[in-house]
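What follows is a single structure, written as structure tokens, with notes after it.
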């Protein structure tokens, strides 16, 4: 019986300690101005997401097989020639080394608009250099 009383006293002490050290009340949420700013930001992100999905679904539906040629001779405006690289469409006899997105003029105009910011993607390879 003495052990039971000791256990009850220990539990009561732990409960009292928890109640006195626990955080009381709710924590403050964002102010009305912060909430409205976040709400506006979410609405903008949802609209941008819908725009991106529309472009992806409409424009990026096909790709064209292509080949890159090194050592292609080109003529400059002044008549001199230089060696560069070139991209050409692959036919059935050549295995393609890359695929180019076939988006068409209307989609290219949409992609190039500053609002979608898709033009910010950079070419991952360095540009061709003149030799």
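The values are calculated or read from the model by the stated rules, or taken from the named source; none is laboratory data. Because the structure is predicted, anything quoted here is derived from the model rather than measured. Counting neighbours? That spans all protein chains shown, and the Cβs are built from the backbone with ideal geometry, glycine included.
Observations on the model:
- Residue count, region 66-110 (criterion: free of Cβ contacts under 8 Å to residues at least 12 places away in the same chain and over 32 Å from the mean Cα position of the chain (by Cα)): 11
- Region 18-41 residues that are at pLDDT 70 or above, paired with ones that are exposed (fewer than 10 other Cβ atoms within 10 Å of the Cβ) (beta carbon under 8 Å, 6 or more apart): 35/29
- Scan region 47-73 for residues that are closer than 20 Å to residue 87 by Cα and loosely packed, with under 10 Cβ neighbours inside 10 Å and the total you get is 3.
- Residues that are in a loop (DSSP other than H, G, I, E, B) and surrounded by 12 or more Cβ atoms within 10 Å (Cβ to Cβ), drawn from region 86-111: 90, 94, 96, 97, 102, 103
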